[in-house]
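The values are calculated or read from the model by the stated rules, or taken from the named source; none is laboratory data. From a predicted model like this one, the values you see are computed outputs, not experimental measurements. Every residue, glycine as well, gets a Cβ built from its backbone with ideal geometry; the counts of neighbours run over all protein chains shown. Protein only, heavy atoms only, side chains kept; ligands, DNA and RNA dropped before computing areas. Shrake-Rupley method; radii C 1.70, N 1.55, O 1.52, S 1.80 Å.
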Amino acid sequence: MPFVNIRTMKGALTPEKKKELHERIRDVLVEIEGNGNKIFRRFVTILIEEIEPENWSVSGTQGSQEFIDQITKVKNK
């Protein structure tokens, strides 16, 4: 039975985005590992862990709300 653990900076995901992640990851696992069997969804476990930004760094840049805002903004050009 699949277990998916997502670690992200606290504040990077809204409740709506978390719900979407849970649903889409579950659906992909049902499709691929469960061969499309809807019963398989009962066995999919997904955990989202939120780490305080100051405990996270990317390429040497310590996390902050400003950093989260910069990397989560979608820019259409």
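When the residues of segment 9-45 are filtered to those that are among the hydrophobic types (A, V, I, L, M, F, W, C), part of a helix (DSSP H, G or I) and touching a helix residue (DSSP H, G or I) at 6+ places or on another chain (Cβ under 6 Å), which remaining residue is most open to solvent (accessible area, probe 1.4 Å)? Spell out how you get there, then give the answer.
Taking segment 9-45 and keeping what is among the hydrophobic types (A, V, I, L, M, F, W, C), we get 9, 12-13, 21, 25, 28-30, 32, 39-40, 43-44.
Okay, now just the ones that are also part of a helix (DSSP H, G or I), so 21, 25, 28-30, 32, 39-40, 43.
Checking which are touching a helix residue (DSSP H, G or I) at 6+ places or on another chain (Cβ under 6 Å) leaves us with 30, 40.
Values: Val30: 8, Phe40: 32 Å².
Restricting to residues being among the hydrophobic types (A, V, I, L, M, F, W, C), part of a helix (DSSP H, G or I) and touching a helix residue (DSSP H, G or I) at 6+ places or on another chain (Cβ under 6 Å), the top hit is Phe40.
Can you go through Ile48, Ile6 and tell me which one is touching a Ser or Thr at 6+ places or on another chain (Cβ under 8 Å), open to solvent by less than 100 Å² (accessible area, probe 1.4 Å), free of Cβ contacts under 8 Å to residues at least 60 places away in the same chain and not in a helix (DSSP H, G or I)?
Ile48
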(message) Out of everything in segment 51-72 that is among the β-branched types (Val, Ile, Thr) and outside any helix (DSSP H, G or I), what residue ends up being nearest to the chain's Cα centre (by Cα)?
(response) Ile51
(request) Please enumerate the residues belonging to segment 43-77 that are over 14 Å from Thr8 (Cβ atoms), of a type in the set (Val, Ile, Thr) and modelled with pLDDT under 90. (result) Thr61, Val74
(message) Among the residues of segment 46-77, what is the count of those that are in contact with a Pro (Cβ under 7 Å, 6 or more places away or on another chain) and among the β-branched types (Val, Ile, Thr)?
(response) 1
